[in-house]
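What follows is a single structure, written as C-alpha cells, with notes after it.
The values are calculated or read from the model by the stated rules, or taken from the named source; none is laboratory data. Bear in mind that the values here come from a model prediction, so they are computed numbers and not experimental data. Here the Cβ positions follow ideal geometry from the backbone for every residue, glycine too, while neighbour counts run over all protein chains shown.
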Amino acid sequence: MNSITLGRFPDDAEAVPVAVQTSGSPQQQRSRLGFSSRLTLMIVSLVLISVMLVAGLVYAQYRQSFTQATVDQLQGTGEMMAGSFTQWLDARQDEIGYVANLDPVRQVEIESIQHLLVRIAEQSGYYDTLFFVGEDGIGVAGVSYDGGAAVLSSDDARAFDVADRAWFREAIQGQPVFSQPLVSRATGNQVSNVVAPVFADNGDVVGVVRAAVRLDVLFERMAEMSLGGSSDTYLLGGDGMPVTPVAALAGESRELATQAAVAIGTGESGVGRYTNVAGTAVIGSYTYLPMLDWGLVVEVPVGEALAEVSRLFWILVGITVLIVSIAVLVSLGMVRSVVKTLGGDPQRAAEVVRRVVQGDLTMRVPVKRGDTTSLLAHMHEMQQNLQAMMGDIRQTAESVSVASSEIAQGNEDLASRTEQQSSSLVETASSLEEMTATVRQTAESATQARELTTELDDQTRNASGVGQQAAESMGSIKQANRRVESIVEAIDGIAFQTNLLALNASVEAARAGEHGRGFAVVATEVRQLAGRCSAEANKIRELVDSSVASVDEGERLVNSASQQLSTIAEGVKRVSSFISEIATAATEQSSGIEQINTAVSQLDEVTQQNAVLVQEGTAASHSLNDQARELARLVQRFKIDEAVA
C-alpha cells in the first residue's frame, strides 16, 4: 500500500501535493494527457458523434423520402403522358371511324369521299396518305399530304393494292385496326395505319378507310412530353424495338433488354430503379399501351433526380463542421470553468476523498492561495470540520452511553410498577363484568315481565270489549223475542177468527143439509187446524217468555263480568307501569355499569400499552446504550489531530 503525505506550500507558490511513494505501478508513472485535454477531447468527441449520428439519420430519412417522392412523381408523370398519348390515338381512331360511318362513304360516292379525305388531311396535318379501299383490297380513292392535300388519280388510287396486308385482312372482317409501324408504299415514310371498316346499309363490309399517321408526328409529341434535362421519353414496342428515338442509343436502333423493355414485353406497367441501355443508373416509369402493344418509357438519371439530396449532404457536412468548431470553443471555456471550480486536478480531490473514506482526517488538502470557492477549498474546510465534529461525536457518544444506562434502569422500575397496576385493573374489570351480567339479567327479566303484563292488559281489554258486545247481543235477542211474542199473539188472534169462521161455516152447512155436507167437513178440518195453531202459538209464547227471562239473566251476568274485566284491566295497567319503571331503572343501571366496565377496560388497555411502551423504552434504552458504544468504537476508527479536537 502506498503511503502519501500531503502538505501546504508557501503562499507565493501554488499548493501542489508532495507525494512520496514507496511503490507504484508503471501505468501510473507513464505520461498521459492532462485533465483539461482529456475533458476537451471527450466533449468534442461526444458532440461530433452526436452530430454525425443526427446528420446521418436526417440524410438517410431525407434521401429515402425524396427518392420515394421522385418515384411517385415519375410514375404519375408516366401515367399522365400515357393517358394523353392514348387519348390522342383514340382521337385519330374516332376521327377515321367517323368518316367511315358517313353516308357518302357507305354509299361509295367517289367524289364525296375524295372531298372528305382532303378536308381530313388539311384539317389535322397528322396523316401521310388517306385511302378508301374496296373490299378486294384495291384503292378506290386516295389523298396524299405533304404540306398540302393532293387528290390521287384513279390509276394511282388503284395502284394502292393492300389485299395482302394483315391490317387490311383484319379490318375487312369488321374490326377497327391501329397497325404497328411500317413503311408506306405510297410515300416510303414510316407510318402507322388507322383503319376503320365501312358498312353498307345491309351490314356488309364494302371497304375500309385507311389513314397513315406519320411517325414523325409521334416523335414531335414525345418531344413535347419530355421532362427536359437529361431525362429521356420514348415509345418502345412489345418486341423491345424502339418506336421513337432513344437518347441513350445515340441514333442507333436495336432491341432493348432493360427492365422497362422486359416489363412492356409482358404487358406490365411500373416504376423502379435500373440501368438503362447505356449502363447509366436511372429511375424509370414504364406504361404499357395495349392498343398498339407499345410502351411509354420515361427515364431520369439517378444523379439528376437526387441532385437535391447530394446538395443536402454537403449542407449537413458544413453544418457538422460548424457545430464541431463551436463545440471545441465552448468545451475549452467549459473546461477552464470546471478546472477553476475544482481548484485543481480531480485526481487530487479523489485522493483526498479516498483518505477520508479510510478514516484518515489528519492529511492537509492542497489549496491555491486565495482560493475559497473551489471544490478543493471546500474539501479542506470539510476536513477541518470533520475533525472537530468527530471529536465532539466521541465525547457525545460517551455521554449518551452513560445516560442510556440510567434510562434503562428507570424503565425497568417503571415496567414493574406498571405490571402491578395492570393486575389490579384486571381484577376490578372481572368484578364489574360479574355485576354487569347480574344487572343485565335483572333488566331482561323486568323487560319480559313488562311485555307479559302488556299482553295481559291487551287481552283483558279485549275480553271487556267482548263482554260489552255480548251484552249488546243479549239486548238484540231480547228485542227479537219481543217481536216474536207480538207475532205469536197475531197468529193466536188469526186462529181464533179462523175458528169462528169455521163454526159459522158449519152452521151454514148444517142449514144447507145434504148439499152442505162436504163444506161442513172442510169447516171441521179448518177448525181443527185453527185449534192446533192456537195451541202451538201458546207453546211459542211460553218458550219466548222463558227465553226472555234467560236473556235478562245473561245480560245481567255479562254486564257484571264486563265491569270486573274493566277493574282487572286497570290493575294490570298499574302493574305494567310499575314493571316498566323497574325495567327502565335496571336498564339504566346496566348501561351505567357497562360504561364503568368499558372505562376500566380502556384503563386496563392503556395500562397494558404503557407496559408495552415501557418495555419498548427499556429495550430502546439498552439498544441506545449498545449503539452509543458502537458509535464510540466507530469514531475510534477516524484518525484526528487531538489538538484540533
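Observations on the model:
- Meets criteria (within 30 Å of Ala549 (Cβ to Cβ) and touching a Cys at 6+ places or on another chain (Cβ under 6 Å)) for Ala495: yes
- Residue pairs whose Cβ atoms lie under 7 Å apart, separated by 6 or more positions or on different chains, with the first residue in region 291-318 and within 19 Å of Ser231 (Cβ to Cβ) and the second hydroxyl-bearing (Ser, Thr, Tyr) and in a helix (DSSP H, G or I), are Val298/Thr77; Ala305/Thr70; Leu306/Thr67; Val309/Tyr62.
- Conditions (1) under 25 Å from Leu529 (Cβ atoms); (2) surrounded by 13 or more Cβ atoms within 10 Å (Cβ to Cβ): number failed by Met474: (1)
- Count - residues of region 513-537 that are exposed (fewer than 13 other Cβ atoms within 10 Å of the Cβ) and not acidic (Asp, Glu): 8
- Long-range neighbours under 6 Å by Cβ, at least six apart or interchain, first residue in the same structural domain as Asn625 (by the TED database) within region 394-410, second crowded, with 17+ Cβ neighbours inside 10 Å and polar (S, T, N, Q): Ser401/Asn625; Ser404/Ser621; Ser404/Asn625; Ser405/Asn625; Ile407/Ser621; Ala408/Thr618; Ala408/Ser621
- Flag if Asp293 is at pLDDT below 80 and of a type in the set (D, E, K, R): yes
For (1) surrounded by fewer than 16 Cβ atoms within 10 Å (Cβ to Cβ); (2) touching a residue at least 40 places away in the same chain (Cβ under 8 Å); (3) under 60 Å from the mean Cα position of the chain (by Cα); (4) in the same structural domain as Arg169 (by the TED database), each residue gets a yes or a no:
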position	(1), (2), (3), (4)
Pro104	yes, no, no, yes
Ser112	yes, no, no, yes
Ile120	no, yes, no, yes
Phe132	no, yes, no, yes
Gly137	no, no, no, yes
Val140	no, yes, no, yes
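- Test result for Thr607, part of a helix (DSSP H, G or I), free of Cβ contacts under 8 Å to residues at least 40 places away in the same chain, assigned by the TED database to the domain that holds Thr396 and more than 30 Å from Val353 (Cβ to Cβ): no
- Residue satisfying all of: in region 551-595; among the polar types (S, T, N, Q), under 30 Å from Val484 (Cα atoms) and surrounded by 13 or more Cβ atoms within 10 Å (Cβ to Cβ); nearest to the chain's Cα centre (by Cα) among these: Ser562
- Residue list for region 451-471, restricted to those being under 15 Å from Val575 (Cα atoms) and out of contact with any Ser or Thr (no Cβ under 7 Å at 6 or more places or on another chain): Glu451, Leu452, Glu455, Leu456, Asp458, Gln459, Thr460, Arg461
Each row is one residue, and each column tells you yes or no for (1) in contact with a His (Cβ under 7 Å, 6 or more places away or on another chain); (2) of a type in the set (S, T, N, Q); (3) closer than 30 Å to Thr587 by Cα.
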| site | (1), (2), (3) |
| --- | --- |
| Leu452 | no, no, yes |
| Gln459 | no, yes, yes |
| Ile477 | no, no, no |
| Ala509 | no, no, no |
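- Annotation: of all residues in region 331-350 being surrounded by 14 or more Cβ atoms within 10 Å (Cβ to Cβ) and at pLDDT 70 or above, the one that is nearest to Ser65 (Cα to Cα) is Ser331.
- Residue check, Val162 over 30 Å from Met241 (Cβ atoms), in contact with a Gly (Cβ under 8 Å, 6 or more places away or on another chain) and at pLDDT 85 or above: no
- Region 88-201 holds strands (runs of 3 or more DSSP E) entirely within its bounds, and those carrying 2 or more residues that are in contact with a Pro (Cβ under 7 Å, 6 or more places away or on another chain) map to 190-199.
- Test result for Asn625, part of a helix (DSSP H, G or I) and buried (at least 16 other Cβ atoms within 10 Å of the Cβ): yes
- When region 422-439 is filtered for residues that are among the charged types (D, E, K, R) and in contact (Cβ under 8 Å) with a residue 40 or more places away in the chain, only Glu433 remains.
Each row is one residue, and each column tells you yes or no for (1) modelled with pLDDT under 75; (2) among the polar types (S, T, N, Q); (3) farther than 30 Å from Trp294 by Cβ.
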| position | (1), (2), (3) |
| --- | --- |
| Asn2 | yes, yes, yes |
| Asp12 | yes, no, yes |
| Val16 | yes, no, yes |
| Gly24 | yes, no, yes |
| Ser45 | no, yes, yes |
| Asp72 | no, no, no |
| Ala82 | no, no, no |
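- Top-ranked residue in region 441-458 [being modelled with pLDDT of 75 or more and charged (D, E, K, R); ranked as farthest from the chain's Cα centre (by Cα)]: Asp458
- The strands (runs of 3 or more DSSP E) located wholly in region 202-277 that include 2 or more residues which are modelled with pLDDT of 85 or more and within 26 Å of Arg92 (Cβ to Cβ) occupy 205-214.
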